[in-house]
Amino acid sequence: MDHQTFAQLLGNYGEFVGAIAVVATLAYLAVQIRQNTLSNRAAAYQSWVENSNTTNVFAREIFPFRERAYYETDSLTSEEKAKLDFYFVGVMNTLEAAYFMQLQQTIDSEYWKAKLRTLQMAMAWPGFRLCWDEYRQMYDTRFATVVEETIKRIEEEQ
């Protein structure tokens, strides 16, 4: 075998080894990206759960006057109205976060359907609807559309 043939043979082996290395690297990167995606989803969900738990603290704050908060908002004191507002904003922020997590496929669609039922239940309360009218501009228009459609369905059912 002459020198040129030997050099071509080595070059061919080098290309073959290089191709295998590229495929192995791509496979490794795919696994790493998947693990990173799962890790990010878990972190986002954990953050969402923590925010949801904080909202539950506000729920305890309005418990003593919740019937009036939901149905007779005119009878609330300014302190009670402020507590209702904090609770409402907490609930709606949590639901809006779930909405965007669902859009980004961070949570599955069945979980979002459960949160959508929570939204339907909340918007059935007149006190929450008054809060919605007051705070609607705080929310992304896409989420606001979901809330408005939910309110419309509730009104059609009544």
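Please work out if residue 60 is closer than 22 Å to residue 124 by Cα, out of contact with any helix residue (DSSP H, G or I) (no Cβ under 7 Å at 6 or more places or on another chain) and charged (D, E, K, R).
Details: closer than 22 Å to residue 124 by Cα: yes; out of contact with any helix residue (DSSP H, G or I) (no Cβ under 7 Å at 6 or more places or on another chain): yes; charged (D, E, K, R): yes.
Spelling it out, residue 60 is indeed closer than 22 Å to residue 124 by Cα, out of contact with any helix residue (DSSP H, G or I) (no Cβ under 7 Å at 6 or more places or on another chain) and charged (D, E, K, R).
Kindly state which helices (runs of 4 or more DSSP H) lie completely within region 51-158 and contain at least 1 residues that are on the phi < 0 side of the Ramachandran plot, of a type outside the set (Val, Ile, Thr) and at pLDDT below 90. Break it down into steps so the answer makes sense when it comes.
Numbers: elements: 66-71, 78-103, 109-123, 126-135, 141-157.
Once the helices (runs of 4 or more DSSP H) in region 51-158 are filtered for at least 1 residues that are on the phi < 0 side of the Ramachandran plot, of a type outside the set (Val, Ile, Thr) and at pLDDT below 90, what remains is 66-71, 78-103, 109-123, 141-157.
Return the residues of region 88-135 that are of a type in the set (D, E, K, R), in contact (Cβ under 8 Å) with a residue 40 or more places away in the chain and farther than 30 Å from residue 40 by Cβ; say none if nothing qualifies. Break it down stepwise before answering.
We begin by selecting, within region 88-135, every residue of a type in the set (D, E, K, R); these are 96, 108, 110, 113, 115, 117, 129, 133-134.
Then keep just the ones that are in contact (Cβ under 8 Å) with a residue 40 or more places away in the chain; that gives 96, 134.
If the condition is that a residue be of a type in the set (D, E, K, R), in contact (Cβ under 8 Å) with a residue 40 or more places away in the chain and farther than 30 Å from residue 40 by Cβ, then 134 is the only one that fits.
Does residue 108 meet the test of being among the acidic types (Asp, Glu) and either more than 30 Å from residue 39 (Cβ to Cβ) or over 13 Å from the mean Cα position of the chain (by Cα) (or both)? So that I can check it myself, show each step before the final result.
On the way: among the acidic types (Asp, Glu): yes; either more than 30 Å from residue 39 (Cβ to Cβ) or over 13 Å from the mean Cα position of the chain (by Cα) (or both): no.
Criteria not met by residue 108.
Filter region 123-141 for residues that are surrounded by fewer than 19 Cβ atoms within 10 Å (Cβ to Cβ) and touching a Ser or Thr at 6+ places or on another chain (Cβ under 8 Å) and give the result.
126, 130
Among the residues of region 2-24, is there at least one that is in contact with a Phe, Trp or Tyr (Cβ under 8 Å, 6 or more places away or on another chain) and assigned to a helix (DSSP H, G or I)? If you could, list the steps in order and put the result at the bottom.
Let us first name the residues in region 2-24 that are in contact with a Phe, Trp or Tyr (Cβ under 8 Å, 6 or more places away or on another chain), namely none.
Scanning region 2-24, I find no residue that is in contact with a Phe, Trp or Tyr (Cβ under 8 Å, 6 or more places away or on another chain) and assigned to a helix (DSSP H, G or I), so the answer is no.
Looking only at region 73-80, decide whether some residue is buried (at least 17 other Cβ atoms within 10 Å of the Cβ) and touching a residue at least 24 places away in the same chain (Cβ under 8 Å).
Start the filter on region 73-80 by keeping residues that are buried (at least 17 other Cβ atoms within 10 Å of the Cβ), which leaves 73, 76, 80.
Filter once more, keeping what is touching a residue at least 24 places away in the same chain (Cβ under 8 Å): 73.
Looking for residues that are buried (at least 17 other Cβ atoms within 10 Å of the Cβ) and touching a residue at least 24 places away in the same chain (Cβ under 8 Å), one finds at least one in region 73-80, hence yes.
The values are calculated or read from the model by the stated rules, or taken from the named source; none is laboratory data. Everything numeric in this text was worked out from a predicted model, so none of it was measured. Cβ: placed from backbone, ideal geometry, glycine included. Neighbour counts: every protein chain shown.
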